[in-house]
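To start, the structure under review is shown below, and the notes come after it.
The values are calculated or read from the model by the stated rules, or taken from the named source; none is laboratory data. Since this is a predicted model, take the numbers as computed values, not measurements. All Cβ positions, glycine included, derive from the backbone under ideal geometry; neighbour counts span all protein chains shown.
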Amino acid sequence: MLGMSPQFRAEETARPGPWARLIASLLTICCTLPALAQAPGPCNRVGPGAGCIDSTCANDVCQFIPSCCDRVWDQQCVDMADQRCSGCQVNLQDCRMPHELGGCADSTCCGTVCAIDPYCCEVAWDGACVIYASNCASPPPLPCGDPAAGNCKQVHGTASCNDATCCELVCGSAGTAYCCQQSWDALCVQLAQSLCASDCVGPAPNGSLYENEPCLQDQNDPGIRVSGKSGSPQVINGASATVQGELHSNGTAASTDVDVYSVDLRFADTDQDGLVKLRLGLHCGVNAFAAVVAPGTMAPGLAAAPLQLNTLACEVKQGSACLAPAVWWIVVAPGTTSAISDAALGCGSPRHNYRLTMSIDARCGTLCGASTDSCFTPHSGISCSDASCCMQVCAALPLCCDTGWDSVCVQMAADLCVLPPSPNDRCANALPAVVGSQPFSLFGAGIEATTEFGCSISATPTTSDVWFAWRPDTAGLYTVSVCGVDFDSRLGVYRGTCAGFTSIACSDNSSACDPYVSGSQALANVVCGQDYLIRVAAAGGQTGAGTLRITPKLLGAACCPADLDGNRLVDFGDVALALIDFGPCGQCNADLDGTGAVDFGDVALMLLESGPCP
């Protein structure tokens, strides 16, 4: 060091030392990594940062969900992109199935097809696109559990799914092995939803009766399948009950659980007609059955039970039968009434729980005419208001007068009874719509021929429609749907009134409904102080009934926050409610200025906004 020239020492002093250079490098890396990590990814995948690689799709999505471009491209953004965007980096649908948006899940095949026919990416992936895609090489299957394999509960064009356990359950049989070899279609999704639920039955409701048998013991089995057992049926008392139980087995016939309950109907025949109606419901996490039999019946006689419910995993089954007023056994076991299952079912798994519901009614005739609900709209109650029509339907389908008047009962009523005109058959007679659910019926409806939809629909003519009028209480993005109908449906949402309106959203048999449920669904962005019309229609001469659902997806500001009593008028009733809440409050509706207290400032705002709501 002593012999260094001044010039060398000056250069040595100016050069950063090794620690300084290391720290500078680390700072450069740390400052660069976030920028690299935030690079936009595919629109059909959750990304590390904001936006996605398709700027057109990103801009469309971010009009509805600004955070997708401001903060992070999360699952909500992916769902919105799948509903609104087209393209090879967006659409999650199978390339070998037609769908209403352009593009498909296999980006290589998608690019090849769209180079031949741009329509397949720009408009819709129709039958011609599917024909082109049939020449594409199938993408190599991904292993179960691969993060890129796709959600087990959503249709996707690649094989397998990202939950290894669920994937292996679905693909475990020859009939569904293709789910892990070709593509994860609607059937694979349906199986995943039933097989992969951790506890579809859920905890027992308050007041439930619990099965009194410990796991792998036979305290309530008197020997239904294997003779020599010393168990006794568990007694169910009362006119109704909910029983929570568990099925178990070591995988042998001798250890397979068979639960037996005893119910006494001798004192229930209060109308002295010699019959009592017994209603049952069964919900179980595995394939199971419930059968009502005479005491002492053995397994071979279960298939002849006068009342039997055979249910798939996580499915709810209900039924009823008119029985003699006597003592009856209710048998619950895995499998079916014709073949009790020997599958191994360990102890303590919520997947093996079941819920048995039971109710008794002295009346075995129908209750037709007692209901106020129309025979031509689905409803949860039994029977319907037209006694003559009701009796015709229940003679053909007894469940309509036992468990509920669903869409099957409505269709039967349409086939057997005189059709009344739909009350909202014309726009001028539109029924009020609210956020939530409202039934509708197209039976007897005609068509307003001058009305057009605001989106591309199939060439099949629209043949019937009904109308609803809607004024939202809160601005924002809403899902409007008729998912679950069994006819060729169309749906339109319009801004304005019957005197003049403009289409803002529509759907023609949307794939946005659950993959295995038909129907139409649209997204509507609505504002305060505006009237909207909703049109539900059928095409091709088809007809039917269903439920119109309006569901908030991304809410904005309330249209009339000072209307505390909900009468669409800001008046002294609202002021009185504010005075009741006068003083400090955490989150109360009357705190209009957000100060954390209801005070004279909030009352002043009410007085300024007094009058009809927008």
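Taking the conditions (1) of a type outside the set (Lys, Arg); (2) in contact with a helix residue (DSSP H, G or I) (Cβ under 8 Å, 6 or more places away or on another chain); (3) surrounded by fewer than 22 Cβ atoms within 10 Å (Cβ to Cβ); (4) modelled with pLDDT under 90 in turn, residue 570 satisfies each one other than (3). Name every residue in the stretch 228-274 that is among the small types (Gly, Ala, Ser) and under 23 Å from residue 346 (Cα atoms), in order of residue number. Correct list: 230, 231, 232, 245, 249, 251, 253, 254, 255. Restricting the stretch 327-378 to residues that are hydroxyl-bearing (Ser, Thr, Tyr) and within 28 Å of residue 239 (Cβ to Cβ) leaves a set whose member that is nearest to the chain's Cα centre (by Cα) is 354. Scanning the stretch 431-475 for residues that are out of contact with any strand residue (DSSP E or B) (no Cβ under 8 Å at 6 or more places or on another chain) and on the phi < 0 side of the Ramachandran plot gives 449, 450, 459. Checking the structure you have, find out if any residue of the stretch 331-342 is outside the structural domain of residue 270 (by TED's automatic domain parsing) and within 30 Å of residue 286 (Cα to Cα). Checked against the condition, which is being outside the structural domain of residue 270 (by TED's automatic domain parsing) and within 30 Å of residue 286 (Cα to Cα), the stretch 331-342 yields no hits at all.
Going by what's in this entry, would residue 98 be described as surrounded by fewer than 20 Cβ atoms within 10 Å (Cβ to Cβ), modelled with pLDDT under 80 and under 26 Å from residue 480 (Cβ atoms)? Taking the combined requirement at face value, the residue satisfies it. Residues of the stretch 419-437 being of a type in the set (Val, Ile, Thr) and either outside any loop (DSSP other than H, G, I, E, B) or out of contact with any Ser or Thr (no Cβ under 8 Å at 6 or more places or on another chain) (or both), which ones? Passing the criteria: only 434. Residue check: is residue 98 free of Cβ contacts under 8 Å to residues at least 12 places away in the same chain and not hydrophobic (A, V, I, L, M, F, W, C)? For residue 98, the condition - free of Cβ contacts under 8 Å to residues at least 12 places away in the same chain and not hydrophobic (A, V, I, L, M, F, W, C) - is not met.
Looking at 369, 444, just one residue is in a loop (DSSP other than H, G, I, E, B), among the small types (Gly, Ala, Ser) and within 17 Å of residue 545 (Cα to Cα), and that residue is 444. When residue 215 is tested against the conditions (1) surrounded by 19 or more Cβ atoms within 10 Å (Cβ to Cβ); (2) touching a Cys at 6+ places or on another chain (Cβ under 8 Å); (3) part of a loop (DSSP other than H, G, I, E, B), the lone failure is (1).
Looking only at the stretch 419-433, count every residue that is touching an Asp or Glu at 6+ places or on another chain (Cβ under 9 Å) and exposed (fewer than 15 other Cβ atoms within 10 Å of the Cβ) and tell me the total. Residues meeting the conditions: 1. Note on the stretch 578-588: among residues that are under 18 Å from residue 558 (Cα atoms) and out of contact with any helix residue (DSSP H, G or I) (no Cβ under 8 Å at 6 or more places or on another chain), the one that is modelled with the highest pLDDT is 588. Count of the stretch 526-572 residues, restricted to those that are assigned to a loop (DSSP other than H, G, I, E, B), without any contact (Cβ under 8 Å) to a residue 60 or more places away in the chain and in contact with a Leu (Cβ under 9 Å, 6 or more places away or on another chain), is 5. The residue that is surrounded by the most Cβ atoms within 10 Å (Cβ to Cβ), among those in the stretch 478-494 that are among the aliphatic types (A, V, I, L, M) and over 18 Å from the mean Cα position of the chain (by Cα), is 491. Restricted to the stretch 402-418, and to residues there that are of a type in the set (Val, Ile, Thr) and in a helix (DSSP H, G or I), the residue that is surrounded by the most Cβ atoms within 10 Å (Cβ to Cβ) is 410.
For the structure I just gave you, tell me whether residue 279 is in a loop (DSSP other than H, G, I, E, B), of a type in the set (Lys, Arg) and in contact (Cβ under 8 Å) with a residue 12 or more places away in the chain. For residue 279, the condition - in a loop (DSSP other than H, G, I, E, B), of a type in the set (Lys, Arg) and in contact (Cβ under 8 Å) with a residue 12 or more places away in the chain - is not met. Close contacts from the stretch 496-525, counting a first residue that is over 22 Å from residue 472 (Cβ atoms) and in a strand (DSSP E or B) and a second that is of a type in the set (Lys, Arg) and modelled with pLDDT of 90 or more, with Cβ to Cβ under 6 Å and a gap of 6+ residues or different chains, come to 508/490.
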